[in-house]
Amino acid sequence: MKPFALLGILAFGLAGAALATTPDAPVAARPETLTATVRAVDGHARTLVLLSAVGHAMRVRRVRVPAGFNVGAAATETPLSSLALGSIVRVRCRYGPGGTQADAIELLQGPGMRKP
């Protein structure tokens, strides 16, 4: 048998074995920070729909917000209902099996606020 053929068979076998194994440990939540514009706030479902730009692409993300969670704004905290369409926020969140969940929300600019 030619050496290259034997090497190809060996590589193919190792790749198949690697694909066949499944990890037993659960996948850890992936942390992420988004700076985005609020497109919708659903107080009943406790979700935000955010529009963010990534390179030359626009992305819409739905983020779940835990109950009792407040929005940080200029060293104060306000309820989730204070967010309005067009508010610019920074959201620290993690993506896990149940979707994206917020860990912290900071109001950077509200619809009626001026930039500093």
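Filtered by the rule that a residue be in a strand (DSSP E or B) and either buried (at least 17 other Cβ atoms within 10 Å of the Cβ) or acidic (Asp, Glu) (or both), segment 85-98 gives Ile88, Val89, Val91, Cys93.
Restricting Ser82, Ser52 to those that are small (Gly, Ala, Ser), without any contact (Cβ under 8 Å) to a residue 24 or more places away in the chain and surrounded by 12 or more Cβ atoms within 10 Å (Cβ to Cβ) reduces the list to Ser52. Given the condition touching a strand residue (DSSP E or B) at 6+ places or on another chain (Cβ under 9 Å), in a strand (DSSP E or B) and closer than 19 Å to Tyr95 by Cβ, answer yes or no: does some residue in segment 66-81 qualify? No, because not a single residue in segment 66-81 is touching a strand residue (DSSP E or B) at 6+ places or on another chain (Cβ under 9 Å), in a strand (DSSP E or B) and closer than 19 Å to Tyr95 by Cβ. Of all residue pairs spaced 6 or more apart or on separate chains, those with beta-carbon atoms under 6 Å, a first member in segment 55-67 that is more than 15 Å from Ala104 (Cα to Cα) and a second member that is surrounded by 12 or more Cβ atoms within 10 Å (Cβ to Cβ) are Arg59/Ser52; Val60/Leu51; Arg61/Leu50.
Whether any residue in segment 19-31 is modelled with pLDDT of 80 or more and among the basic types (Lys, Arg) is what I want to check. No, every residue in segment 19-31 fails to be modelled with pLDDT of 80 or more and among the basic types (Lys, Arg). Of the set (1) surrounded by 15 or more Cβ atoms within 10 Å (Cβ to Cβ); (2) closer than 25 Å to Pro111 by Cα; (3) modelled with pLDDT under 90, all apply to His44 but (1).
The values are calculated or read from the model by the stated rules, or taken from the named source; none is laboratory data. Since the model is a prediction, treat every value here as computed from it, not as a measurement. With ideal geometry, Cβ positions are generated from the backbone for all residues, glycine too; neighbour counts draw on all protein chains shown.
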